[in-house]
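Below you will find the structure I want to go over with you.
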Amino acid sequence: MSFKVIGIVAGRHGGNSEILVKEALSAVQKAGGEAILINLFDYHILPCTGCESCTMQMGEVAQDPTKTYKGCILKNRDDMDTIVNVMQTCQGVIVGCPTYDLAPSSLYLTFAQRFLAYELAFRIQIGAVKKDPHTVAGLIAVGGSCHDWQTLTLETLQATMFTQSLQVVDRMLSTRVGRPGNVLLHPEQIARAHQMGAHIAQAIQTPVEQRTWLGDPNDGLCPRCHSSLIYPGDAHWDGITFPFECAVCGAGGNLEQQPDGSYRFILAKNGLVRDRNVNEARAEHLNEIIKTRIAFLERQSEVKEQYAKYRAMSFPSIPKK
């Protein structure tokens, strides 16, 4: 079977992120796949303006399928449209991203926060994308210290996967590699990146319904997405609550201490009802956005006077160059 994998690097040219993604792509080629590579530094990507045009359009089309979805208002002003349209023809994605302060780089976040306008399940539903590529993903986070200085990176990368319906099958943390090329002194990390590429190829060549996690089985606490970010649960929009939830995928359950003193996150019977990996669960979130918008429009007169007050309010700023 022919397949294509795109490597996306959000770090400097010749840096550790790029080296590890290239190594992973070499394993994809070895398995018979086509590999392409982009470095986000080479492209013009505007930040999301928060205009809500995409979600409002999606809501309108959801309520009236005769209407046309025009997509992101920025799509003709930068390279985002071109990149995502290629991504949505690939069967695999491998992301390499540096960590500067616990979380992914701002370059990657600028890129990923534009994903919502290209929500894959919605684009398939309206016919903008003709075929579901059933894409799998591998994530590589790179940092100069240990996990304690990268605690939000892999989890944040995973949180950007949902709108593209990307199934993460492997992830790795590259540590103690602060300088460009530093990872070359860690052959075990190079080998791990190669293994990730092999895992991506393996997942692609596995029937969709049989695909599963191929990374470290002991990675993280959540049995669904392997995140370690578990927090005390809050009431959902419809009142559903769990004692604890995964901050990344939304799985619900409870923390249970094991005989050896460690903890496991045990899913509730309905613990995947808000699973962000599932298109239907994300569609319910769109319904929440639609209801919020309708409720706001119905009460606009109540905020009109206060809105004028804050629009008129001004303070000294910093001169521009």
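Just give me the residues in region 308-319 being open to solvent by 100 Å² or more (accessible area, probe 1.4 Å) and at pLDDT below 90, in sequence order.
K309
Restricting attention to region 110-128, which residues are open to solvent by 10 Å² or more (accessible area, probe 1.4 Å) and either more than 29 Å from L20 (Cβ to Cβ) or among the basic types (K, R) (or both)?
The answer is A121, F122, R123, I124, Q125, I126, G127, A128.
Which one is least open to solvent (accessible area, probe 1.4 Å), of the residues in region 85-109 that are in a helix (DSSP H, G or I) and among the polar types (S, T, N, Q)?
My answer is N85.
Assess whether E302 counts as being under 29 Å from V168 (Cα atoms) and outside any loop (DSSP other than H, G, I, E, B).
no
Moving on to the next point. With respect to R282, is the statement that it is under 28 Å from the mean Cα position of the chain (by Cα), open to solvent by 60 Å² or more (accessible area, probe 1.4 Å), under 25 Å from C51 (Cβ atoms) and in contact (Cβ under 8 Å) with a residue 40 or more places away in the chain true?
Taking the combined requirement at face value, the residue does not satisfy it.
Would you mind finding the one in K67, K22, K75 that is among the charged types (D, E, K, R), surrounded by 14 or more Cβ atoms within 10 Å (Cβ to Cβ) and assigned to a loop (DSSP other than H, G, I, E, B)?
Only one candidate qualifies: K75.
Among I45, I6, which is surrounded by 15 or more Cβ atoms within 10 Å (Cβ to Cβ), farther than 16 Å from L116 by Cα and in contact (Cβ under 8 Å) with a residue 24 or more places away in the chain?
Answer to the selection: I6.
If you don't mind, there's one more thing I want to ask. State all residues of region 292-307 that are closer than 19 Å to E60 by Cα and either touching a residue at least 24 places away in the same chain (Cβ under 8 Å) or hydrophobic (A, V, I, L, M, F, W, C) (or both); if no residue qualifies, say none.
Across region 292-307, the qualifying residues are R293, I294, A295, F296, L297.
Here's another thing I want to ask about it. Just for region 285-307: of the residues that are open to solvent by less than 60 Å² (accessible area, probe 1.4 Å) and among the aliphatic types (A, V, I, L, M), which one is farthest from D219 (Cα to Cα)?
Filtering region 285-307 for residues that are open to solvent by less than 60 Å² (accessible area, probe 1.4 Å) and among the aliphatic types (A, V, I, L, M), the one farthest from D219 (Cα to Cα) comes out as V303.
Where the second residue is assigned to a helix (DSSP H, G or I) and at pLDDT 95 or above and the first is open to solvent by 60 Å² or more (accessible area, probe 1.4 Å) and acidic (D, E) and lies in region 27-38, which pairs have Cβ atoms under 6 Å and are six or more apart or on separate chains?
From region 27-38, no pairs qualify.
Now for a different question. Restricted to region 197-230, and to residues that are open to solvent by 40 Å² or more (accessible area, probe 1.4 Å) and in a helix (DSSP H, G or I), which residue is farthest from L166 (Cα to Cα)?
This residue is A198.
Then there is this: Hey, any hits in region 137-151 for a residue that's without any contact (Cβ under 8 Å) to a residue 12 or more places away in the chain and either assigned to a strand (DSSP E or B) or open to solvent by 50 Å² or more (accessible area, probe 1.4 Å) (or both)?
yes
May I ask you to list the residues in region 244-262 that are assigned to a strand (DSSP E or B), over 19 Å from the mean Cα position of the chain (by Cα) and not aliphatic (A, V, I, L, M)?
F244, G252, G253, N254, E256, Q257
The values are calculated or read from the model by the stated rules, or taken from the named source; none is laboratory data. If you're wondering where the values come from, they're calculated on a predicted model, not measured in any experiment. All Cβ positions, glycine included, derive from the backbone under ideal geometry; neighbour counts span all protein chains shown. The protein model used for the area step is the full one, side chains on, heavy atoms only, and it has no ligands, DNA or RNA in it. Shrake-Rupley method; radii C 1.70, N 1.55, O 1.52, S 1.80 Å.
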